[in-house]
Amino acid sequence: MIMIRYCNHCGGEVEHLVPQGDSRARHICKACGNIQYENPRLVVGCVATWENKILLCRRAIEPRRGYWTLPAGFMENGETTAEAACRETLEEAGASIAIDALFSMSSIAHINQVHLFYRGHLTSSHFQAGEESLEVMLVAPENIPWQEIAFRSVTYCLQRYLEDIELGAFGFHENSLPPIGESN
């Protein structure tokens with residue numbers, strides 16, 4: 001947990017206490033009483049396809065620089081989750097997409113994140129690496145570089161996607177990912 005030292009309202013020092021009527025310790029300003037809540041961050045992306053191939057991006061930034069991922073990133077204030085998925089795909093892969101449906105959610109409590117992926121499709125065959133990608137490619141399911149996938153949430157999402165293709169119907173998939181080395 002990141003310890004907040006100063007109030008974002010008045011700049012006063014904060015204490016880490018359980019406020020009256022609450023059950024969790026929060027950062028509370030000693031001067032003005034403002035409670036600063038910390039909530040999980042949303043990472044939103046898309047399994048974007050074109051002619052039965054999946055769009056993957058090789059990361060140009062840490063963490064996991066050089067590994068492959070689906071286009072995804074932190075949701076911004078003022079946008080919907082679908083808008084975030086479209087924006088991230090455009091930023092990372094230079095591709096415009098149409099959203100088909102919500103597909104996968106991974107809760108990653110130990111790092112205070114939720115990874116949410118949509119299914120979608122490219123609206124044209126144009127794509128190119130953005131600033132956060134070393135390269136971008138369309139890959140057939142049998143050619144996914146499994147050993148080079150950057151994040152467990154992406155592996156989970158891609159595995160469910162391929163299973164749903166085999167079944168002939170898409171569902172919604174949810175899991176919780178423990179810290180590496182621990183099992184569910």
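The values are calculated or read from the model by the stated rules, or taken from the named source; none is laboratory data. Just so it is clear, the model here is predicted, and its values are computed rather than measured. Glycine also receives a Cβ, built like all others from the backbone with ideal geometry; neighbour counts cover every protein chain displayed.
Restricting to the stretch 118-129, and then to whatever is in a strand (DSSP E or B) and of a type outside the set (A, V, I, L, M, F, W, C), can you tell me which residue is farthest from the chain's Cα centre (by Cα)? Write out each step before concluding.
From the stretch 118-129, those in a strand (DSSP E or B) are 118-122; that's our starting set.
Going one step further and asking which of them are of a type outside the set (A, V, I, L, M, F, W, C), we end up with 118-121.
Numbers: Y118: 10, R119: 14, G120: 15, H121: 18 Å.
The selected residue is H121.
Contact map, the stretch 140-155: residues that are in a helix (DSSP H, G or I) paired with residues that are among the small types (G, A, S), Cβ distance under 6 Å, separation 6+ or inter-chain. Pairs shown: S153/S106. Considering only residues in the stretch 156-174 that are under 16 Å from L55 (Cβ atoms) and touching a residue at least 24 places away in the same chain (Cβ under 8 Å), the one that is nearest to the chain's Cα centre (by Cα) turns out to be C157. In this structure, H115 does not satisfy being within 24 Å of P178 (Cα to Cα), part of a helix (DSSP H, G or I) and in contact (Cβ under 8 Å) with a residue 40 or more places away in the chain.
A98 meets each of the listed conditions (1) in contact with a His (Cβ under 7 Å, 6 or more places away or on another chain); (2) in contact (Cβ under 8 Å) with a residue 40 or more places away in the chain; (3) farther than 30 Å from V18 by Cα apart from (2). When E62 is tested against (1) over 18 Å from E51 (Cβ atoms); (2) touching a residue at least 24 places away in the same chain (Cβ under 8 Å); (3) not aliphatic (A, V, I, L, M), only condition (2) is not met. Considering (1) not in a loop (DSSP other than H, G, I, E, B); (2) not assigned by TED's automatic domain parsing to the domain that holds Q147, the lone condition that H9 does not fulfil carries the number (1).
Set side by side, the residues E182, E163 differ, and just one is outside the structural domain of S96 (by TED's automatic domain parsing) and among the charged types (D, E, K, R), which is E182.
Selection of the stretch 130-139 for residues being more than 20 Å from L116 (Cα to Cα) and either assigned to a strand (DSSP E or B) or more than 19 Å from the chain's Cα centre (by Cα) (or both) yields L134, E135, V136, M137, L138, V139.
Filtering I99, I149, I165, I180 for residues that are of a type in the set (V, I, T), farther than 19 Å from L42 by Cβ and in contact with a helix residue (DSSP H, G or I) (Cβ under 6 Å, 6 or more places away or on another chain) leaves a single hit, I149. Got at least one residue in the stretch 138-151 being at pLDDT 95 or above, surrounded by 15 or more Cβ atoms within 10 Å (Cβ to Cβ) and not hydrophobic (A, V, I, L, M, F, W, C)? Taking every residue of the stretch 138-151 in turn, none turns out to be at pLDDT 95 or above, surrounded by 15 or more Cβ atoms within 10 Å (Cβ to Cβ) and not hydrophobic (A, V, I, L, M, F, W, C). When we screen L134, L122, L167, L177 for residues that are crowded, with 18+ Cβ neighbours inside 10 Å and farther than 20 Å from E83 by Cα, the only hit is L177.
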